[in-house]
Amino acid sequence: MNLRLPLNVALGAATMLATASSSLPAVADELPMAGFSVKGGGHHHGVRADGHAPIGVMGDHMHKKGEWMLSYRYMRMNMEGNRIGTNSISPEEIVTTVPNHNPVVTPNGMTVTPPFLRVVPTRMTMDMHMLGAMYAPSDNITLMAMLPLIRKDMDHITFSPMPGANLIGGFKTKSEGVGDVKLGALYRLLDVGRNHVHLNMGISAPTGSLQERDDIFDPFGRTPEVRLPYAMQLGTGTWDLLPGVTYTGRERDLSWGAQYSAEIRLEDENSEGYSWGDKHSFTGWVAYQFAPWISTSIRAKYSTQSDIEGFDSQIGGPIQTAHPANFGGKKLDLMGGVNLMVPDGPLKGHRLALEAGAPVYQDLNGPQLETDWMFTLGWQKAF
C-alpha cells in the first residue's frame with residue numbers, strides 16, 4: 001500500500017501555500033475588523049460568523065491554548081436511481097444486461113447462478129449524528145475527536161429468478177449504530193496576516209459494525225435474514241490514516257479556504273476479508289459576511305475513491321451491492337451554506353450553521369446508486 005504519495009501531496013501543498021502567502025500583506029493586522037480578535041497571527045476569532053468554514057468541512061480551524069469546543073452535526077444524504085459511469089440506468093436494464101456473479105440456493109436445495117442481477121436497490125438514505133470535541137494544549141496544536149452515530153435505510157425491488165424483467169415485490173433493509181471513531185490533531189504551519197495553513201493528521205478506529213443483518217425478499221419469494229451488503233455496514237473494519245492540509249484566508253468581509261483530505265487504509269483487509277478503497281477529496285469555498293453574526297458561503301468538493309478489494313464470504317446474492325467492484329468512482333459536489341453566530345446575550349458564542357447541495361458530476365463504478373442531495377446542520381460552542 002502506497003502511503004508516501006498522499007502524505008507527500010499534503011506536505012507539498014502546505015509548503016507551496018506557506019511560500020506563496022508569506023509575501024502577501026498582513027491585511028488583518030493593519031485593518032482589525034469588528035468582532036475579530038487578533039492574537040498569534042490573527043487566526044483566533046471573536047464573534048465573526050465566518051470564523052469557521054462551512055459546517056460540512058471538518059478540521060478547518062484551530063483554537064488558542066486551553067480552549068475547548070464542543071460540536072454536533074446532523075448529516076443526511078439521499079441516493080436514488082442507479083448509474084454506470086456517467087449514465088443513468090433503469091432497474092429493468094440492470095436485470096436484463098448486468099451479469100450476476102453470485103449463486104443462489106433454490107427452494108429445492110440446488111445452487112444456481114442467474115445470468116443477470118435479480119434484486120435492484122432503488123433508494124438509500126443515510127442519517128448521521130456526529131458528536132465532536134476539540135481541545136488546544138497549545139496555540140500551535142489542536143486535538144480533536146469525532147463519534148458518529150449512523151442509520152442507513154435502503155429500498156429494493158425484486159425480480160423473478162427467470163430471465164427478464166418480471167417484478168415480484170420489494171423490501172427495505174435498515175442498519176444503525178456507532179460508526180468508526182476518529183481521532184486527530186491539527187498542527188499550525190503558518191499564521192501570518194490574512195493567511196493560515198495547518199496540517200490535518202488523524203486516525204480512524206474500526207469501531208463500526210461489519211456484521212449487520214436484516215430480512216430480505218429474494219427472487220423465490222422467501223424472506224431470509226442475511227448479512228447486509230457492504231454499503232449497509234457501519235464501518236470500514238480497518239485502521240485508516242486521515243492526512244490532510246487546510247488553508248484559510250480573509251480580507252475584510254470576504255473569506256476563503258481550501259482543503260485536501262484523504263482516507264488511507266492501513267490494512268490490506270479487515271476481519272471479514274476485504275478493505276474499502278482509498279479516498280481523496282479536494283474542497284474549496286468562498287464566504288461573505290453580511291454582518292458579524294451572519295455569513296453565507298459557496299463550496300465545491302471533488303472526491304475520488306477506488307473500489308473494494310477482497311470480499312466478505314457472508315455477503316452474497318444477485319444484487320449489485322454484493323459485488324465489491326460496484327463501489328467508488330468520482331464526484332463533484334456543489335453546496336451553499338449559512339453560518340450564524342450569536343454575538344450577545346445568554347447564548348453568546350453559540351454557532352448554528354447549515355450547508356446543503358448536490359452533485360453536479362458523478363462517474364461511478366456501477367451499477368451503483370447515485371447521490372441526489374445532501375445537507376448538514378450543526379451547532380458549535382467554544383469555551
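The values are calculated or read from the model by the stated rules, or taken from the named source; none is laboratory data. Note that the coordinates shown come from a computational prediction; the quantities given were computed from them, not determined experimentally. Virtual Cβ from ideal backbone geometry, glycine too; neighbours counted across all protein chains shown. Calculation scope for accessible area: heavy atoms of the full protein, side chains included, ligands and nucleic acids excluded. Shrake-Rupley method; radii C 1.70, N 1.55, O 1.52, S 1.80 Å.
Modelled with pLDDT of 95 or more, among the hydrophobic types (A, V, I, L, M, F, W, C), open to solvent by 20 Å² or more (accessible area, probe 1.4 Å) and over 30 Å from residue 319 (Cβ atoms): which single residue out of 242, 266 fits that description?
242
In contact with an Asp or Glu (Cβ under 6 Å, 6 or more places away or on another chain) and open to solvent by less than 30 Å² (accessible area, probe 1.4 Å): does that describe residue 255?
yes
Return yes or no: is residue 139 more than 28 Å from residue 225 (Cβ to Cβ), at pLDDT below 95 and acidic (Asp, Glu)?
No: the conditions fail for residue 139.
Could you list, in sequence order, the residues of segment 71-117 that are open to solvent by 50 Å² or more (accessible area, probe 1.4 Å) and assigned to a helix (DSSP H, G or I)?
Within segment 71-117, 92, 93, 96, 97 qualify.
Test each condition in (1) closer than 25 Å to residue 156 by Cα; (2) among the basic types (Lys, Arg); (3) in contact with an Asp or Glu (Cβ under 8 Å, 6 or more places away or on another chain) for residue 222 and report the one that comes out false.
(3)
Any residue in segment 75-92 that is closer than 15 Å to residue 358 by Cα sitting within a Cβ distance under 8 Å of a residue that is open to solvent by less than 70 Å² (accessible area, probe 1.4 Å) and assigned to a loop (DSSP other than H, G, I, E, B)? List the pairs, counting only those 6 or more apart or interchain.
Taking only residues 6 or more apart or on different chains, the pairs are 75/56.
What's the number of the condition residue 221 fails, among (1) open to solvent by 20 Å² or more (accessible area, probe 1.4 Å); (2) without any contact (Cβ under 8 Å) to a residue 60 or more places away in the chain; (3) on the phi < 0 side of the Ramachandran plot?
(3)
From the list 151, 123, 118, which residue is touching a Phe, Trp or Tyr at 6+ places or on another chain (Cβ under 9 Å), of a type in the set (Lys, Arg) and modelled with pLDDT of 95 or more?
118
I'm told residue 156 meets every condition in (1) assigned to a loop (DSSP other than H, G, I, E, B); (2) of a type outside the set (S, T, N, Q); (3) open to solvent by less than 40 Å² (accessible area, probe 1.4 Å); (4) closer than 15 Å to residue 121 by Cα except one. Can you identify the failing condition by its number?
The single condition residue 156 does not satisfy is (1).
What about residue 249, is it open to solvent by less than 40 Å² (accessible area, probe 1.4 Å) and either out of contact with any helix residue (DSSP H, G or I) (no Cβ under 9 Å at 6 or more places or on another chain) or modelled with pLDDT under 95 (or both)?
Answer is no for this residue.
Can you spot a residue in segment 212-228 that is closer than 19 Å to residue 144 by Cβ, in contact with a helix residue (DSSP H, G or I) (Cβ under 8 Å, 6 or more places away or on another chain) and assigned to a loop (DSSP other than H, G, I, E, B)?
no
Please indicate, with yes or no, whether at least one residue in segment 130-147 is surrounded by 20 or more Cβ atoms within 10 Å (Cβ to Cβ), at negative phi, in contact (Cβ under 8 Å) with a residue 40 or more places away in the chain and not in a strand (DSSP E or B).
Among the residues of segment 130-147, not one is surrounded by 20 or more Cβ atoms within 10 Å (Cβ to Cβ), at negative phi, in contact (Cβ under 8 Å) with a residue 40 or more places away in the chain and not in a strand (DSSP E or B), which makes the answer no.
Does segment 269-318 hold any residues that are under 14 Å from the mean Cα position of the chain (by Cα) and surrounded by fewer than 15 Cβ atoms within 10 Å (Cβ to Cβ), and which are they?
Answer for segment 269-318, where residues must be under 14 Å from the mean Cα position of the chain (by Cα) and surrounded by fewer than 15 Cβ atoms within 10 Å (Cβ to Cβ): just 302.
Being touching a residue at least 40 places away in the same chain (Cβ under 8 Å) and not in a strand (DSSP E or B) is the filter here, so list the residues in segment 162-189 that pass it.
163, 164, 165, 179, 180 - these are the residues of segment 162-189 that are touching a residue at least 40 places away in the same chain (Cβ under 8 Å) and not in a strand (DSSP E or B).
Pairs, please: C-beta under 6 Å, at least 6 apart or cross-chain, first residue closer than 19 Å to residue 288 by Cα and in segment 341-352, second open to solvent by 100 Å² or more (accessible area, probe 1.4 Å) and in a loop (DSSP other than H, G, I, E, B)?
341/293; 342/348; 343/293
Might you let me know whether segment 165-172 holds any residue that is crowded, with 16+ Cβ neighbours inside 10 Å, over 30 Å from residue 250 (Cα atoms) and touching a Lys or Arg at 6+ places or on another chain (Cβ under 7 Å)?
Looking through segment 165-172, none of the residues is crowded, with 16+ Cβ neighbours inside 10 Å, over 30 Å from residue 250 (Cα atoms) and touching a Lys or Arg at 6+ places or on another chain (Cβ under 7 Å).
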